[in-house]
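Let me begin by presenting the structure, written as structure tokens, before commenting on it.
Coordinate-derived values only; no laboratory data. The structure displayed is predicted, hence computed values, not measured ones. Note that each Cβ is placed from the backbone with ideal geometry, even for glycine, and that neighbours are counted across all protein chains shown.
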Amino acid sequence: MKEISTDRAPAAIGPYSQAIDIGDKIITSGIIPVVPATGEIMGNDAKTQAKQAFENLAALLEDAGSGIDRVVKTTVFIKDMNDFAAINEVYAQFFTKPYPARSCVEVARLPKDVLIEIEAIAEKK
């Protein structure tokens, strides 16, 4: 087991790793729509925040020796299920068939009061 850390994705804001390499897979922590260079939250709508979160996820996976195209499972946490369609629209820009398995749940609150958080499991290249 090896810790993955990159400055191209938001830094951990607690006692956890951005991702863990377990040999043939990368398991990420929850990724939120923070701009890594500034620490600021990107936008205030679901589409803008989703795009930043997925860009952060892609960068983390790339630096971990994987890629967004290698994702086999995602869990998406959203603040409002009414944003489901907007988030799906952005999701479809990052993933292609065969799509990863996915869970999507509405939650009461997310870190930094963002609208979306995503975690993933990906195969290594």
Practice task
Run the numbers on the chain and let me know its relative contact order in percent, using alpha-carbon pairs under 8 Å that are six or more apart.
Solution key: 32
Practice task
Using only Cα atoms, locate the centre of the stretch 22-36 and the centre of the stretch 82-96, then give the distance between them in Å, rounded to an integer.
Solution key: 18
Problem - Charge-dipole axis of the chain as Lys and Arg at +1 and Asp and Glu at -1 on Cβ define it, positive-most pick from THR75, VAL35, PHE54 - result: THR75
Completion exercise
Once the mean of 1/r over all distinct C-alpha pairs in the chain is inverted, the Kirkwood radius in Å reads 14.3
